[in-house]
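The values are calculated or read from the model by the stated rules, or taken from the named source; none is laboratory data. Just so it is clear, the structure is predicted and the values come from calculations on it, not from any experiment. Heads up, the Cβs are rebuilt from the backbone with ideal geometry, glycines too, and the neighbour counts pull from every protein chain shown.
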Amino acid sequence: MKKLTALSAFILTVTAVSVSLFYSSCKKDACKEVLCLNGGTCNDGTCSCLSGFTGTDCSVVNHTTTPPPPAAKKTYKVTYEIGCTDCQVIYYSDSMQTQAVEDHQNSSWTYTFYGKKGQEVLLFAYNTSSQAQGVTATIKLNDTTTLTSYTNYCPISGYSFVVDTLQ
């Protein structure tokens, strides 16, 4: 009887350890249902965003992050500034002239990137407010030189637009 009890205890212990090991080795993929936008990657269920993007899914553009200038070729620090409330802003966001569109509701908006000689820079602000307003669009180089600036008193659905080429 003692042999049977000892054998039963041994079998029960081996079974308990086996079941415990089996269930602890089955980990769920924490990134299975996580979607990271704008080139972000998922690590243990959390998005790691590329420079210039924030948020739980990397969907928020971070205007306070200025990417470092690319090496080798002559580059220019390009800063776009918009002065208006309730505007849709359309602009080239990088040296590859990638077009970006944002809606903003503040009285001012700024975006900075590094451009290259010969590149076209474009900034367009569209008044989406229900009121007419003055809209100023400015492009600056290297924080000091104003390349282009234009102020337009925009009626409802009016716009201010500037475009130039880096020399």
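Quick notes
- Residue that is modelled with the lowest pLDDT, among those in the stretch 30-86 that are at negative phi and among the charged types (D, E, K, R): Lys73
- Restricting the stretch 87-106 to residues that are polar (S, T, N, Q) and out of contact with any Phe, Trp or Tyr (no Cβ under 7 Å at 6 or more places or on another chain), the residue that is modelled with the lowest pLDDT: Asn106
- Counting the residues of the stretch 30-44 that are small (Gly, Ala, Ser), in contact with an Asp or Glu (Cβ under 9 Å, 6 or more places away or on another chain) and surrounded by fewer than 16 Cβ atoms within 10 Å (Cβ to Cβ) gives 1.
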